[in-house]
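Q: Here it is, the structure in full.
Computed from the coordinates by the stated procedures, all read-outs in this text should not be read as laboratory data. Note that this is a predicted model, so its numbers are computed, not measured. Positions of Cβ are generated from backbone atoms using ideal geometry, with glycine treated the same way; all protein chains shown enter the neighbour counts.
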């Protein structure tokens, strides 16, 4: 039995299905593919550009990254009609500026593939994210304590790269004896720095502790995260104590240490053992 669109009269065909009495074109005109929404509101940090999605702050580094976040959010808030299967969206909008966003819907209506554009008002709500509030307020949630055996270019390049990549989260970088103390407003970034150090050097010892415990007015306790990163970048001539016996470093290839005792005995040991059992160090310089 032939079926026809009740609005325009077009006959059903493999490329023009009839859905609830309507062809795809008339279905879109009469019913719409998604429930109409007046606006989409997104909070953003006026300092760093991070956006707030479902109460969670997400950092943004580029327009494509922002577009991905916004499009995922749009998919969450759109309510497709019961006959339309929404697969994806593409949004064209002005970042951090109130405007009408052009949203392209991709999906399936009956057995017809659909690509349809709608306009939705996008409203941006400026505020400060928690990290930037802490920067303004002068507080920090974590301290990364970088310590090295020997100062060299690799250590300096590492600290410079951390400063460049996570600068907006860094409250202060303070040089100390054999290292640096880096104060951060985000404990998660502190953990990332430790992970980067572990990938960069085989000989790294990382220890996490909490200190500076405070009780908020709500009664909740907060504590500052301290991450100690000890970079075991040994060089020939360094003095080291292993299992209570002193040695001098003969060579180190990043994984294996060749040691020599006072009596002339040679010992080869993996850096993992040193990282776990390292007790005392003194460089002969």
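Q: Determine the calculated [θ] at 222 nm for the chain from helices alone, applying -39500 (n - 2.57) to every DSSP H run no shorter than 4 residues and normalising by the residue count; nearest 500 deg cm²/dmol.
A: Calculated from helices alone, the mean residue ellipticity at 222 nm is -6500 deg cm²/dmol.
Q: Using only the alpha-carbon atoms, how far is helix 187-200 inclined from the longest principal axis of the chain? Give it as 0 to 90 degrees, nearest 10.
A: The two axes meet at around 60 degrees.
Q: Okay, moving on. Kindly express, to the nearest 10 degrees and within the range 0 to 90, the angle between helix 153-165's C-alpha long axis and the longest C-alpha principal axis of the chain.
A: So the helix axis and the longest Cα principal axis differ by about 30 degrees.
Q: Pulled fully out, how much extra length does the chain show between residue 30 and residue 92, if you take 0.36 nm times their separation in residues and subtract their Cα-Cα distance?
A: 19.8 nm
Q: With a 10 Å Cβ neighbour count serving as the proxy for reagent exposure, in which order, fewest first, do 169, 4 appear?
A: Listing 169, 4 from fewest to most nearby Cβ atoms yields 4, 169.
Q: While we're on this one: Listing 269, 18 from the residue with the fewest other Cβ atoms within 10 Å to the one with the most, what is the order?
A: 269, 18
Q: Connecting C-alpha atoms closer than 10 Å in a GNM of the chain, tell me which of 213, 159, 123 has the biggest fluctuation.
A: 213
Q: With 10 angstrom as the radius, rank 109, 128 by how many other C-beta atoms surround their C-beta, starting from the fewest.
A: In order of increasing Cβ crowding within 10 Å: 128, 109.
Q: Right, next: Among 204, 143, 77, whose mean-square fluctuation peaks in a Gaussian network model of the chain (Cα, cutoff 10 Å)?
A: In the Gaussian network model the winner is 77.
Q: Roughly how many nanometres apart are two label points built 7 Å out from the Cα toward the Cβ at residue 125 and residue 39?
A: Computed distance between label sites residue 125 and residue 39 equals 1.0 nm.
Q: Next up: Please say if the chain is rounded, prolate or oblate, where rounded means a/c under 1.5 for a ≥ b ≥ c the square roots of the C-alpha gyration tensor eigenvalues, and otherwise the choice is prolate for a/b larger than b/c and oblate otherwise?
A: prolate
Q: May I ask for the angle, rounded to the nearest 10°, between helix 63-77 and the longest principal axis of the chain, with both axes built from Cα atoms and the value confined to 0 to 90°?
A: 50 degrees
Q: Mind listing P(r) for region 24-127? All alpha-carbon pairs, 10 Å bins, whole percents.
A: 14, 46, 27, 12, 1
Q: Turning to a different aspect of this structure: Quick one: check the C-alpha center-to-center distance for region 126-170 versus region 9-84, whole angstrom.
A: If you average the Cα positions of each part, the centres end up 38 Å apart.
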